[in-house]
Amino acid sequence: MLSSPPAISCFTLLILLFSHAIARESQDAPTTDKDIKVGIGAIVDYTSRFGKEEKVAMEMAIDDFFKCTSQKAVIHIIDSGGDPGRASFAAKELINDKQVQAIVGLRTWEAAAAVAEQGNKAQIPILTLSDTVPSYAFQRWPFLIRAVRSQHLQMKAVAAIITTWKWRRVSVIYEDINSATTSIVPYLIDALHEVGSEIDQLLPLSSLSASFWEELGKLKRRQCRVFIVHISSLPLATRMFREAKEMGMLDKNSVWITTDGIAGILDSVNASVISSMQGVLGVQSYFPRSTSQFKDFYVRLRSRFRWEFPNETFIEPEIFSLQAYDAIWAVALGMVGSPTCNSINNQMDVLSGHRLLGRILLSVFEGLTGKFYFLEGTMAKANTFRIINVVGKSYRELGFWLDGSNFLENIDGGGKNSTSMSILGQVFWPGGPWFNPRGWAIPTSENPLRIVVPVKTTFDEFVNVRYDQPGSDPSVNGFAIEVFKASLKYLSYDIVYKFVTYGAFEKNADAVVADTAIIANRYQYAEFSQPYAESGLQIVFRARSKTPNKAWLFMKPFTLPMWAFTGAINIYNGFVVWLIERKDNKDLKEGSLYNQMGTLVWLAFVTLFSVQGERMHSNLSRVAMIVWLFVALIITQSYTASLSSMLTIHRLQTTEVTIESLKRNNDPVGCDGNSFVVDYLKVVLGFKEKNIVRIYSGDYYSEALESGEIAAAFLEAPYVKVLLAKYCNRFAVAKQSFKVGGFGFVFPKGSPLLSDISEAILKVSEKGELLELENALTSPYKCSDSDSDSDSGSLSPSSFWALFTITGGISTITLIVYLCRFVRDRRNVKLNEVAPEPEVELPGPVNQDDPLNEPGNPHPEQVAEAREDDQPVPDGAPEDDQPVPDGAPEINIHQENNFVSSGKQFTPPAPNASKTSKIAAKRAQKSSAVALNANTAKRLRQSCSQELPTEPESPRFKGLFKLNMANPFLPEQIDTTFESPDYKERFREYASRYGEETHLMLRSLIARNDALETRLRETNDRAESEAKEVAQRKKAAVEAQEKHKNIKQELHLKICEWGKERTQHESRVKEPEDEVAAIAQKATDAEGTLPGSPS
């Protein structure tokens, strides 16, 4: 007994050799009708390893069927050598010589087509293993059966991979045979169209070509870098990938996807081929690999294949051998008339072709490739595919794609499923696994983008093409061009491009940049970017002028906010002036609250209409009022200018134009003759063809509208902006508009730039650059809005905000300063009341009977104290124009018969008094000095000329001396004036007592009075001069009036003379008429005297 593994292997090998020898003898030995009833034919290609696998699998199927049913059949296998002609001869041999009942094999559609006609004539079922049989073949040859699953659904799997990374364009490389172009390409086009992609280039490759450099070079020069390879010939695919790698086409931006024709045979290729396919994705037909039936078949196929073909390398069985195995089983089951081998009751016998064909189509069993059955006369489609990725020395399985469930991690139902391939994990691309390929090549200087622009457009502001020199590249600018250039700045990569005109437009144009309208029917030929201009179709018509005549027109120069703001700031300034001037103007603080409010409003508005206004007493109020008068002057002048403009300039009157009114009146309308608007007017809006005027120049619209050639123009919204900007308010836009697509950039279908450019346009709009470009589009045309009936011509606060800010700020500052001073004075008064000073009487008795002691004559000591008014005021002391605080000592120098008030006398501060007390006393001294006016000085001089009293000790003598000290000539005339020595001595005593300081102070007051009198005389002189000038003007006016009266009289005399002349002329004209009447009367009388005339 053999117990070791080598012994078991040798024993198994002997059994296989023995069974193989018996099979060979059974095939080569002569047969008779008694021994063999039926036969099955097979045509395979021995020149390929897959044909050899098919041969071995078919033989294994006959052996397995015999073991299962004990029914014996013979299979006749003939080599076609891959030649359809040899396949046709082999079919004749099998039908005529071998008399087979069915033929299996024919891996290519060309071989199947060569044999199908013979099978149809002999009525023998032909089971082809080609998955590219066109649908019309089954109708033409009823006995032709496709024994493999259709691979059409794998095109949907490829499209699902494309849409995962949003590649819009792909290039297809296929084998140059009829089956590829007729069976697979149409399905790929449909699948790509469903996901929004399209084929950029179709490249057929022939196995007869010595090199593919020229063909692949065409693909390399294009932008598309997504390649789908559909080739079934392994030598052809090997050469193609090697040359593509040498040309650098498997770079980081490239994507390569192979169909089952190559992906299904990767187990049999060598390492050199795998190295040239790194990063390639593949779509394989799926078949279960974990069943016991497959594992048993795999072991037996590998052993038998190595025995028969020891020079061939066998790694793992391909799907081709599994399909051949299942096809033989289907024919065998049809011969015995049983769907499965376990239910066979009939003997294998020769059947008619129709009967055998019907049984084969009814076959249902679990084969190596899955459930084997026919649906509506053809094999069911394959709906499950395996996604693989070539990495390293072989490939790895990424996942699966199932029709209806999309991508799956596991085929047994576990794991995730999604429409995106990203759930299958990281893909090793040709450029590496670090980033996903872009799928298209960035344009370079050698191969720049071809941007097509129109030579002539309706409005040159959008696209303007000019040639600086004949034959040179065009110079292109305009709004559309600037938007395109701004969009390129937001791309994550740099693009090299050049502009070409429409005359050079070809299929290889990459984009069209112009004012192209986005409409539905154009999507059949191209795609559009995000609209970069406003959408809408608008109606433009001519506006008619009128002169405004409104009762409330005087309100129009200012807007309502302007009126309100002017009134508010006016009231505020008036309040500030009223508050500051109340202490100096008794009219502002007397009366009831109602009267004071009226005074405030009057004070506020009188300054707005009067240059002189009210006399101001405080510098603070003067500052506030000067600024407000300046602002008021500007406001009134602006109002006058705006109102004058409204009264003199003609305005526009727009009568609303609608579609109904245009059609009702049969008015002609204009539109762009080269745009979709012509059809839109006819089909959608219902205008008559004869009423549509085609215009091809933007400048002609104004001429046509103003001349009345057209009543309205239908233009897209961007054109309307330009037209209104160029011609200001000569035209108007109707409220009625129509929604259209707007302007966009045009790209070929599937262009990889489309999504990036659309995103860039949105960024340009969101960043505000698009708005700036739109403003630049209309900025060259300066259009005034003064002709509008709206409030756009009225002045608003925004035009005067700086002036309002200045006057409001100045008024507020003066108010704050006033309040600060007021609070400070109140505090000083309170401090003075807390510490009163002792009173000091002025020297000298007061005689009530003295006639000099009358109102208006100050006490000499008061006059002396008034001299201090010319001295500088200490720091911190109140100004002269401030009110005396409450509680300060009151000195009344005008009280009758007294120099000093009967209440409180002037009290000088003590030497050690506080600073506050000294300030209060100082203000009291100033108040007494102010009372000395010009009348007082005049009376002093008059009193000096009076006779002095005889008694030197009398009170009158003392009073006269004090008063006479004010006379600048009196001290020098003491000796000559007074004869009595007592008087002289007494005067000198008083002079030494009061001092020279008092004398100088009084001289200063007299000098000030003289200056005032001089100014008064100058004022009187100016008044007299003005009065003379007014008199002269009045005289000139009287003379002009007299002259006008004379002219009027002369005109009256001329009119009378003209009247007389007219009367004489009328009389001269009337004389011939009277003569004619007289002659007529004579003729009438003469007729009456004729004989026979009626009486």
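What the table below lists for this structure:
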read-out	value
Condition met for Arg993 (modelled with pLDDT of 75 or more, open to solvent by 100 Å² or more (accessible area, probe 1.4 Å) and in a helix (DSSP H, G or I))	no
Residue under evaluation Thr164, criteria (1) farther than 27 Å from Phe227 by Cα; (2) of a type in the set (Val, Ile, Thr); (3) under 40 Å from the mean Cα position of the chain (by Cα), criterion not met	(1)
Members of the range 498-510 found to be open to solvent by less than 80 Å² (accessible area, probe 1.4 Å) and either at pLDDT 90 or above or part of a loop (DSSP other than H, G, I, E, B) (or both), listed by number	Asn508, Ala509, Asp510
Qualifying residue in the range 407-427 (condition: in contact with a Phe, Trp or Tyr (Cβ under 7 Å, 6 or more places away or on another chain) and closer than 30 Å to Ala509 by Cα)	no
Qualifying position, being under 60 Å from the mean Cα position of the chain (by Cα) and open to solvent by 30 Å² or more (accessible area, probe 1.4 Å), among Asp79, Asp131, Asp45	Asp131
Of all residues making up the range 662-715, the number that are within 17 Å of Lys456 (Cβ to Cβ) and of a type in the set (D, E, K, R)	3
Residue check for Ala486: open to solvent by less than 20 Å² (accessible area, probe 1.4 Å), part of a helix (DSSP H, G or I) and closer than 28 Å to Arg221 by Cα	yes
Among (1) surrounded by fewer than 22 Cβ atoms within 10 Å (Cβ to Cβ); (2) within 28 Å of Pro448 (Cβ to Cβ); (3) not acidic (Asp, Glu), the one test that Gly698 misses	(2)
Subset of the range 763-776 (residues that are closer than 19 Å to Asp515 by Cβ and not β-branched (Val, Ile, Thr))	Ser765, Glu769, Leu770, Leu771, Glu772, Leu773, Glu774, Asn775, Ala776
Residue selected from the range 393-434 under the condition farther than 25 Å from Ser254 by Cβ and aliphatic (A, V, I, L, M), by the criterion surrounded by the most Cβ atoms within 10 Å (Cβ to Cβ)	Leu408
Members of the range 54-76 found to be in contact with a Cys (Cβ under 7 Å, 6 or more places away or on another chain) and surrounded by fewer than 17 Cβ atoms within 10 Å (Cβ to Cβ), listed by number	Cys68
Enumeration of residues in the range 996-1021 that are modelled with pLDDT under 75 and either loosely packed, with under 12 Cβ neighbours inside 10 Å or in contact with a His (Cβ under 7 Å, 6 or more places away or on another chain) (or both)	Glu996, Glu997
Residue within the range 106-117 that is buried (at least 16 other Cβ atoms within 10 Å of the Cβ) and closer than 23 Å to Phe297 by Cβ present	yes
Wholly within the range 350-454, strands (runs of 3 or more DSSP E) carrying at least 1 residues that are farther than 30 Å from Val74 by Cα	384-391, 394-402, 406-408, 449-453
Counted residues, the range 551-566 - those being surrounded by fewer than 17 Cβ atoms within 10 Å (Cβ to Cβ) and at pLDDT 80 or above	4
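The values are calculated or read from the model by the stated rules, or taken from the named source; none is laboratory data. Bear in mind the structure is a predicted one, so any value in this text is a computation, not a measurement. So basically every Cβ, Gly included, is an ideal-geometry build from the backbone, and we count neighbours across all protein chains shown. What goes into the accessible areas is simple: the full protein's heavy atoms, side chains included, and nothing from ligands, DNA or RNA. Shrake-Rupley method; radii C 1.70, N 1.55, O 1.52, S 1.80 Å.
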